[in-house]
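The values are calculated or read from the model by the stated rules, or taken from the named source; none is laboratory data. Here the structure is a predicted model, which is why all the values come from computation and not from measurement. We place every Cβ from the backbone using ideal geometry, glycine too, and count neighbours over all the protein chains shown.
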C-alpha cells in the first residue's frame, strides 16, 4: 500500500517536472513567453492540488471512537471540496490576466475555511468513553 502511494507520488512529481522542463525548453526556443510558461506551471500545480484533494476524503485511517471517525470524515470531505475548488480556481486564475495575488488569496481562503472547519469538528468531538449529551449512560 505504501509502495503504491509512493510510486504514484513519484510519477506525479516526474510529470510535473517534465512539464516544467518542456515549458522551459519551449521558452528558450521562443515558442512561449516567460510569463506564459510560469502561468502554465502554476495551472499544473493548481490541477495537481485539485486531483489530490479529490483523493483526500478516500484516505480515512482507523479510529476507535466512531464519533471521531465521523468528524474526521467530515473534515476530509470538507477539505476535499474546498481544495478541489481552490485548486481549479487557482489553475483558472493563473491563466487569466488577473493580478498575481488573486490565486494566492483564493487558496488562502480555502485553507482558512478548512482549518476552521477542522478545528470546529475536532473541538466538538467528545473524548473517548464519553456519552453524548442527553444520552442515558446506564442503558
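Does residue 83 satisfy the condition of being under 11 Å from the mean Cα position of the chain (by Cα) and either surrounded by fewer than 15 Cβ atoms within 10 Å (Cβ to Cβ) or in a helix (DSSP H, G or I) (or both)? Break it down into steps so the answer makes sense when it comes.
On the way: under 11 Å from the mean Cα position of the chain (by Cα): yes; either surrounded by fewer than 15 Cβ atoms within 10 Å (Cβ to Cβ) or in a helix (DSSP H, G or I) (or both): yes.
When the stated conditions are applied, residue 83 passes them.
Just one of the listed residues (23, 6, 10, 76) is modelled with pLDDT under 90, over 24 Å from residue 112 (Cα atoms) and assigned to a helix (DSSP H, G or I), namely 6.
Being buried (at least 17 other Cβ atoms within 10 Å of the Cβ), farther than 30 Å from residue 100 by Cβ and in contact with a helix residue (DSSP H, G or I) (Cβ under 7 Å, 6 or more places away or on another chain) is a condition met by at least one residue of region 49-66. Screening residue 40 against (1) more than 26 Å from residue 84 (Cα to Cα); (2) touching a helix residue (DSSP H, G or I) at 6+ places or on another chain (Cβ under 8 Å) leaves a single unmet condition, (1). Residues in region 17-37 that are touching a residue at least 24 places away in the same chain (Cβ under 8 Å) and out of contact with any helix residue (DSSP H, G or I) (no Cβ under 6 Å at 6 or more places or on another chain): none.
Residue 32 meets each of the listed conditions (1) part of a helix (DSSP H, G or I); (2) surrounded by 15 or more Cβ atoms within 10 Å (Cβ to Cβ) apart from (1).
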